[in-house]
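A.B. asks: Here it is, the structure, as structure tokens.
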Amino acid sequence: MSRVTARRPTLRISAHGETSRPDTLAVEEPLEIRIAGQSLTVTMRTPGADIDLVHGFLLGENIIGTAEDVVSARYCAGTDENGQNTYNVLDVELRAPTPVRPRNFLTTGACGLCGKTALDEVRTRTRHPLPLDGPTIDTTVLAAMPETLRARQSVFEATGGLHAAGLFTADGTALAVREDIGRHNAVDKVIGWAMRENRIPAGDLILIVSGRASFELVQKAVMAGIPALGAVSAPSSLAVDLAADSGLTLVGFLRGATMNVYTGAQRLAISHPAASHPA
């Protein structure tokens, strides 16, 4: 399945005039998630790593706790106008029967939960409490992680239209990087990868995201037992509240040598790059 990008005609206007040419865009298609044949939800995503996405999503919603809870995940038959399989429906068989009904999830922005209710909900649902100590993260190493993430965004390089998420070790090694039109899907994909690699709870890893840190991204990190989250852009107020409540290290505006540490500074070993001085 290679539907990550698509070409569309474009009229480009610049100071030098107008040019008609095709442009490369990130593909956005629906993925319906079913449990034992019953529809659970539909998410808009960039095709690719769908199995990881589903594992990460189900962990975040507390439907599964380990990869062993999933017996199988397979694409259902479904064709487009050309008779090709759309690969847009995944049916998951769980080891333990789970009642399923279509519903809005805690991670949606329109769920109607107040801040306190949302924090209480995550606290009572997580199966993987965060470790009280560790890992120790050198801030110079942390500062380099977004650049490593960016260097591995091959589809973003072609389209400029995708978010990315990556799981890193404390020494700066990128274990998994995933891209998607939705930032929450990119996070689900790397968490699903970690689950299928038996790395959950991920108490020794750092999650780095290419955009802002919303409540739902902090929630996903907490549910996976990830103790540190770094974002290139800003966090929301509720994201900071949840991070503080859960003991998560949350760093925003992670750009070059600068960063804002909102919670969990005890995990950081603060170091400064050597300043250069004129001769």
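A.B. asks: Since VAL261 meets every condition but one in (1) modelled with pLDDT of 95 or more; (2) crowded, with 24+ Cβ neighbours inside 10 Å; (3) in a strand (DSSP E or B), which condition does it not meet?
C.D. replies: Of (1) modelled with pLDDT of 95 or more; (2) crowded, with 24+ Cβ neighbours inside 10 Å; (3) in a strand (DSSP E or B), only one is false for VAL261: (2).
A.B. asks: Exactly one condition in (1) part of a helix (DSSP H, G or I); (2) under 25 Å from THR41 (Cα atoms); (3) at pLDDT 75 or above is false for PRO97; which is it?
C.D. replies: Every listed condition holds for PRO97 apart from (1).
A.B. asks: Another question about this same structure. Any idea which of GLU197, GLU216 is free of Cβ contacts under 8 Å to residues at least 24 places away in the same chain and either surrounded by 24 or more Cβ atoms within 10 Å (Cβ to Cβ) or not polar (S, T, N, Q) (or both)?
C.D. replies: Only one candidate passes the filter, namely GLU197.
A.B. asks: Restricting to the range 35-77, count the residues that are outside any helix (DSSP H, G or I) and farther than 25 Å from PHE215 by Cα.
C.D. replies: 13
A.B. asks: Among the residues of the range 264-279, is any crowded, with 21+ Cβ neighbours inside 10 Å, over 22 Å from THR66 (Cβ atoms) and at pLDDT 95 or above?
C.D. replies: There is at least one residue in the range 264-279 that is crowded, with 21+ Cβ neighbours inside 10 Å, over 22 Å from THR66 (Cβ atoms) and at pLDDT 95 or above.
A.B. asks: Say whether the condition of being surrounded by fewer than 16 Cβ atoms within 10 Å (Cβ to Cβ), over 15 Å from ALA221 (Cβ atoms) and at pLDDT below 90 is met by at least one residue in the range 134-148.
C.D. replies: yes
A.B. asks: Could we say that LEU40 is of a type in the set (A, V, I, L, M) and in contact (Cβ under 8 Å) with a residue 24 or more places away in the chain here?
C.D. replies: Here the answer is yes, as LEU40 does meet what is asked.
A.B. asks: Which is under 30 Å from GLU93 (Cβ atoms), surrounded by 14 or more Cβ atoms within 10 Å (Cβ to Cβ), among the charged types (D, E, K, R) and under 17 Å from the mean Cα position of the chain (by Cα), of GLU32, GLU28?
C.D. replies: Unique residue meeting the criteria: GLU28.
A.B. asks: Kindly list the number of the only condition in (1) outside any strand (DSSP E or B); (2) touching a strand residue (DSSP E or B) at 6+ places or on another chain (Cβ under 6 Å); (3) over 17 Å from LEU53 (Cβ atoms) that fails for ASN185.
C.D. replies: (3)
A.B. asks: Restricted to the range 224-234, and to residues that are touching a Lys or Arg at 6+ places or on another chain (Cβ under 7 Å) and surrounded by 24 or more Cβ atoms within 10 Å (Cβ to Cβ), which residue is nearest to ALA164 (Cα to Cα)?
C.D. replies: ALA231
A.B. asks: Sticking with this one: ARG12: under 14 Å from ASP91 (Cβ atoms) and either assigned to a strand (DSSP E or B) or among the hydroxyl-bearing types (Ser, Thr, Tyr) (or both), yes or no?
C.D. replies: No, not satisfied.
A.B. asks: Can you tell me which residue in the range 14-25 is modelled with the lowest pLDDT, limited to those that are surrounded by fewer than 10 Cβ atoms within 10 Å (Cβ to Cβ) and touching a Ser or Thr at 6+ places or on another chain (Cβ under 8 Å)?
C.D. replies: If we take residues in the range 14-25 being surrounded by fewer than 10 Cβ atoms within 10 Å (Cβ to Cβ) and touching a Ser or Thr at 6+ places or on another chain (Cβ under 8 Å), then ARG21 is modelled with the lowest pLDDT.
The values are calculated or read from the model by the stated rules, or taken from the named source; none is laboratory data. Keep in mind it's a predicted model, so treat the numbers as computed, not measured. Glycine also receives a Cβ, built like all others from the backbone with ideal geometry; neighbour counts cover every protein chain displayed.
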